[in-house]
Amino acid sequence: MFPFAYEWTWYLGQYLFMGAAGFAISVVGAGLTFCIIKSIIDTVQEDEGSSDHH
Amino acid sequence: MQKIPSHTKARHFGMVIDVDKCTGCASCMVACYSENNVSFRDEESAKMLSLNWIMVYKLTNGESFPDTEVCYLPQPCMHCDGKEFGKPPCVSVCPAVATDFDWPTGIVSQIYTRCFGCRYCMAACPYHARQFNWWDPVWPADMEKYLSPNVSARTRGVVEKCSFCYHRFQLARQKAYHEGRPEEIGEDEYQTACTQACPSGAITFGDLDNPEHEVYKLKQDRYAFRLLERLNTNPSVYYISKRKWVHRMADNYLEGEVPAAFAENEA
Amino acid sequence: MTTSAFPEGVKRCSGSQFILWLLPAFLVLLIAAYAMFRVWGFGLNQTNMNDAYGFALWIWADLAVIALGGGAFFSGFLAYIMGVKQVKNIINFAVILGLVCYSMALLLLGLDVGQPLRGWFIFWHANIHSMLTEVAFCLTIYLGVLIVEFIPVILENPKIQRIRFFHHLSHNMHEIMAVFAATGVFLSFFHQGSLGGVPGVLYGRPFAFREGLFIWPWTFFLFTWSAAAVGPLFTASMCRLTEIITGKRLVKDEVYQLLAKISGWMLLTYIIAKSLDTIYWATVTAPSAGFSLMSFYTNNPLYGIWILIAEIVICGFLPALILITQKGRENRRLLFAAAALAIIGLCINRWVMVLQTLAAPLKPFDEWFMYSPAWTEVVTTIMPVAVGIIVISLAYRYLPLFPQERELNP
């Protein structure tokens, strides 16, 4: 999986495979992180909005 | 998949088995069990559940008396070179690199501690040369003392197979190194257990690419053939038989097709 | 004011009736758990597999279940990427079904390996040339994607919606669902294909071996295509089954008909490609290794030429032709009969590609290798059905799975 493992070989196929796997994980991870952060902001803003109201 | 390091001499170990000489005594199997710590069960009749790195098959020509003929065919792992050199059917499918093609020797290895038992290699091997440890290995009480320290015993849940007694190659290489001739290993210095155990001299082992080795000449015998050659697995184990029906038993032929060794005769 | 745990405006059965309904499924689960304990505790000698059948019922179940769960990725593709609005009415259900299928497939794979504790080797020591490695990577990541797709559906439970953060999270996740769906489609394309590659690359097994494009044998593309064709039909059929069990209409007929139309054309193109592949294999690939077509279909108690006819004609062309005609689709019984045939055809395909491949003798002095599964294998293979019943029942009871339910059941 990583270059320090015995079976790693320095060639294109290895980069493509691990690159694609890493890309997919990154996209999902980034998407999820974005949603969580945005939801926190939304919640905080909503709270502030409702406290302003009082 | 590592290629040959520049300082290593390339060898291509293989076997030639003269099945016309084989008497079916199964000494090779017994020697192999003992040499390689192959475990066995109380009841060994279910061959697809038991372990045997070399298996002697009994073939008959299917004729009735007095034309009946029998042939015994010992079959170890074929140590295939593969359709593309270095890619035997079992090696490229292993998801965890637990089996590898050793470029300096042409031997297909099996790393028991790396194998996690998915058995994809067994599905890929057309020879049934690979076996799975369905049970934990258990030896009768005192027998554990007789196990070879040179070969690791396998645990339940991993695949194992013939290694061409690779540990013997390592020992021979070690000896040669200490004697100051690192790359010079004599033909006699590295022989598999089954080869040495065969009382009728049916099995010959050596470097298929070395003109000084017996196997180099034998593999060029007119009646030499390999098992299931048409699948393009390129086995390193050759067989010799002068009997046409034996050749027919070793591969699949469509109607009208004739084994290569007998093609001229037919024409 | 208390909030009902049920989705707004829908009726659900009483708690005791619900538990009674789930009881048989839990019973199956209990037996399966015992079987799993036997297998993990004592090893694979608890099954009927042997050295000729390194792959058996479980691998078939994996292939079939993943192909049928493919409804999730293809419906996701249609709904979020192609923008087919109608499909959104069934997408939640497709995601749950996919989640059950994929998690169960991974569980069965975990059972199937000889050294489960070394399972992580497939990632850590990955041999990227192996189709199984590709399967493991894509399958695991895609299971993660399915969970991500399922989270907003869970968050829509009225009680959870009261927590503002979760309310926003479900909204925000819905907003970028297309990103997750696209990743899912990408991963699914590869793992459905790699599952086809698993038998297709075995050049030592002429029954399964196929030539192909670059590193991918034709089975790679055939498996992906067939999963995309039949997966949505499975989703639709299970949805219909839910309607029958609950006694309610949950999805409009036009949704079923649309899915059936798309699947019908996909199935037709697939089965034509499959037929061409079979003809080439039977006339060129297999004969080059010395095998005639009939050598794979004779001299054994099970695999006759009937299985090929059943797969391609009865469970391939026939349902495809029914589904591409409007009259066929408009007749609900005919539609679901065709769907059932297509599902059976897909299961037959996965079965022959794994089990017939291993059954067919290669050395002329070998006999056919026949196999019947042990109870441990059978009960764990039924387990996904039990888990499916439990998960879908819970989801249906507590989550707003079907946007059209209120309209259809005023």
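Grab the other residues whose beta carbon is less than 14 angstrom from that of C:G328, score K and R as +1, D and E as -1, and report the net.
Here the charged neighbours net out to +3.
Taking segment C:274-315 on its own, what percent of its Cα-Cα pair distances exceed 15 Å?
For segment C:274-315, the fraction of Cα-Cα distances above 15 Å is 46 percent.
Per the Kirkwood formula on distinct C-alpha pairs, the Rh of segment C:298-359 is how many angstrom?
Radius from the Kirkwood sum: 12.4 Å.
Does anything in segment C:11-48 have its amide N under 12 Å from the 7 Å Cα→Cβ label point of C:I382, and if so which residues?
From segment C:11-48, the list is C:24-33.
Cα gyration tensor of segment C:68-219, axes a ≥ b ≥ c as square roots of the eigenvalues: rounded (a/c below 1.5), prolate (a/b > b/c) or oblate?
Values: a/c = 2.71, a/b = 1.77, b/c = 1.54.
Verdict is prolate for segment C:68-219.
Using only the Cα atoms of chain A, each taken as one equal point scatterer with no solvent, compute I(q) by the Debye sum, divide by I(0), and report log10 of the ratio at q = 0.27 Å⁻¹.
Debye curve over Cα of chain A, log10 I(q)/I(0) at q = 0.27 Å⁻¹: -0.97.
Report the one residue of C:T381, C:H125, B:N37 whose Cα lies farthest in the direction of the positive end of the charge dipole of the protein assembly as shown (charges on C-beta: Lys and Arg +1, Asp and Glu -1; origin at the Cα centre).
It is C:T381.
With Cβ to Cβ distances under 15 Å as the rule, what net charge do the other residues near B:E184 carry (K, R +1; D, E -1)?
-2
With Cβ to Cβ distances under 11 Å as the rule, what net charge do the other residues near B:T113 carry (K, R +1; D, E -1)?
+3
Check the straight Cα-Cα distances from B:K244 and name the aspartates and glutamates below 16 Å, setting aside those fewer than 8 residues away within the same chain.
Counting by Cα, and skipping residues close in sequence, B:K244 has these aspartates and glutamates nearby: B:D18, B:D20, B:E63, B:D67, B:E69, B:D221, B:E229, B:E255, B:E257, B:E264, B:E266.
About the Cα centre of the protein assembly as shown, what is the dipole size in debye to 20, counting +1 per Lys and Arg Cβ and -1 per Asp and Glu Cβ, all else neutral?
1780
Taking R0 as 30 Å, what's the FRET efficiency between B:I111 and B:K21 from their Cβ-Cβ distance, rounded to 0.05?
0.30
Using a Debye calculation, one point per C-alpha and no hydration shell, please list log10 I(q)/I(0) for the protein assembly as shown at q = 0.06, 0.10, 0.11 Å⁻¹ in order.
Scattering profile of the protein assembly as shown, log10 relative to I(0): -0.42, -1.03, -1.19.
Per residue, how much accessible surface does the protein assembly as shown expose to a 1.4 Å probe? Answer in Å², no decimals.
Result: 43 Å² per residue.
State the percentage of accessible surface on the protein assembly as shown attributable to carbon and sulfur atoms; use a 1.4 Å probe and exclude ligands, DNA and RNA.
Roughly 64 percent, rounded to a whole number.
Which one of C:H171, C:A359, B:F85 has its Cα pushed farthest toward the positive end of the charge dipole of the protein assembly as shown, where Lys and Arg give +1 and Asp and Glu give -1 at the Cβ?
Among C:H171, C:A359, B:F85, the one farthest towards the positive end of the dipole of the protein assembly as shown is C:H171.
Once you put a point 7 Å from the Cα of B:K244 and another 7 Å from the Cα of A:S50, both along the Cβ direction, what distance in nm separates them?
Placing both labels 7 Å along Cα→Cβ, they lie 9.4 nm apart.
Stokes-Einstein diffusion coefficient for chain C at 4 °C in a medium of 1.567 mPa s, Rh from the Kirkwood formula over Cα pairs: what value in µm²/s? Mind showing how you got there, number by number?
Numbers: Rh = 22.3 Å.
Rounded to a whole number, D works out at 58 µm²/s.
Within 10 Å, at most 13 other Cβ atoms, and a DSSP state outside H, G, I, E, B define an exposed site. Report the longest part of chain C free of exposed GluC sites (Glu not before Pro).
In chain C, the maximal stretch lacking such sites is C:9-210.
I need to check one value: relative contact order of segment C:15-405, counting alpha carbon pairs closer than 8 Å and at least 6 residues apart, in percent. List each step's numbers first, then the result.
Numbers: 538 pairs, mean separation 108.4, N = 391.
Averaging sequence separation for qualifying contacts and normalising by length gives 28 percent for segment C:15-405.
Go ahead and set up a Gaussian network model of chain C, Cα springs under 10 Å, then flag whichever of C:W124, C:W58, C:W216 fluctuates most.
Comparing C:W124, C:W58, C:W216 in the GNM, the peak value goes to C:W124.
So if I place +1 on the C-beta of Lys and Arg and -1 on the C-beta of Asp and Glu, and nothing else carries charge, what would the dipole magnitude of segment C:15-405 be about its Cα centre? I want it in debye, nearest 20.
960
Loop-only check: which GluC sites (Glu not before Pro) in segment B:78-173 are DSSP coil with at most 14 other Cβ within 10 angstrom?
Sparse-neighbourhood loop GluC sites (Glu not before Pro): B:E84.
Compute log10 of I(q)/I(0) for segment C:229-300 with the Debye formula, placing one identical point scatterer on every Cα and leaving out solvent, at q = 0.14, 0.21, 0.23, 0.25 Å⁻¹, to two decimals.
-0.63, -0.86, -0.95, -1.04
Computed FRET efficiency, Cβ-Cβ of C:L302 and B:S34, R0 35 Å: what is it to the nearest 0.05?
After rounding to 0.05, the efficiency reads 0.30.
What is the Cα coordinate range of segment B:13-266 on the first, second and third principal axes, sorted by size from largest, in whole angstrom?
Here the spans come out as 53, 47, 37 Å, largest first.
Positive end of the charge dipole of the protein assembly as shown (Lys, Arg +1 and Asp, Glu -1 on Cβ, about the Cα centre): tell me which of C:T298, B:V138, C:V65 has its Cα farthest that way.
Final value for the positive-end residue is C:V65.
Given C:K85/C:K261; B:K161/B:K217; B:K21/B:K58, which pairs have Cα atoms separated by over 21 Å?
Beyond 21 Å: B:K161/B:K217.
Could you sort C:L308, B:L59 by their accessible area in this structure, using a 1.4 Å probe and putting the largest first?
Ranked from most to least accessible, the order is C:L308, B:L59.
Using alpha carbon centroids, what distance separates segment B:182-212 and segment C:352-410, in Å?
The two parts, judged by their Cα centres, are 51 Å apart.
Return the inverse of the average 1/r over all pairs of distinct C-alpha atoms in segment C:1-94, which is the Kirkwood hydrodynamic radius, in Å to one decimal.
Averaging 1/r across every pair of different Cα atoms and inverting gives 18.0 Å.
Can you give me the long-range amide H partners of B:T105? Hydrogens built in the peptide plane at 1.01 Å from N, cutoff under 5 Å, separation of 5 or more residues or another chain.
For B:T105, the qualifying residues are B:R11.
Could you tell me the calculated FRET efficiency between C:D253 and C:W368, based on Cβ-Cβ distance and R0 = 45 angstrom, to the nearest 0.05?
E(calc), rounded to 0.05, equals 0.45.
Which aspartates and glutamates, if any, have their Cα less than 14 Å from the Cα of C:K274, not counting same-chain residues under 8 positions apart?
Within the straight-line cut-off, C:K274 pairs with C:E211, C:E311.
Quote the charge dipole size of segment B:13-266 about the Cα centre in Debye, to the nearest 20; the model charges only the Cβ of Lys and Arg (+1) and of Asp and Glu (-1).
Roughly 620 debye for segment B:13-266.
Chain pair C, A: how much accessible area is buried, both chains summed, with a 1.4 Å probe, in Å² to 100?
Details: alone 19130 and 4920 Å², together 21790 Å².
Roughly 2300 Å².
As a test of the definition: with a 1.4 Å probe, what buried accessible area, both sides summed, do you compute for B against C, in Å² to the nearest 100?
Adding both sides of the contact gives about 4300 Å².
Against the longest alpha carbon principal axis of chain C, how many degrees, from 0 to 90 and to the nearest 10, is the axis of helix C:375-398 turned?
20
So which residues in segment C:335-371 end up with at least 10 square angstrom less accessible surface once the other protein chains are there, compared with the chain by itself, probe 1.4 angstrom?
The answer is C:L358, C:L362, C:K363, C:P364, C:F365, C:D366, C:F369 - residues whose exposure falls by at least 10 Å² when every protein chain is included.
Counting only helical runs of four or more DSSP H residues, what would the 222 nm mean residue ellipticity of the protein assembly as shown come to if each run contributes -39,500 (n - 2.57) and the total is spread over all its residues?
-15500 deg cm²/dmol
Return the sequence-ordered ³J(HN,Hα) values of segment C:270-284 in whole Hz as given by the Karplus equation 6.51 cos²θ - 1.76 cosθ + 1.60 applied to θ = phi - 60°, using x for Gly and Pro.
4, 6, 5, 4, 5, 5, 4, 4, 5, 5, 5, 4, 6, 9, 10
The values are calculated or read from the model by the stated rules, or taken from the named source; none is laboratory data. This is a predicted model, so every value here is computed, not measured. Cβ coordinates were reconstructed from backbone atoms using ideal geometry, including for glycine residues, and neighbour counts include every protein chain displayed. The protein model used for the area step is the full one, side chains on, heavy atoms only, and it has no ligands, DNA or RNA in it. Shrake-Rupley method; radii C 1.70, N 1.55, O 1.52, S 1.80 Å.
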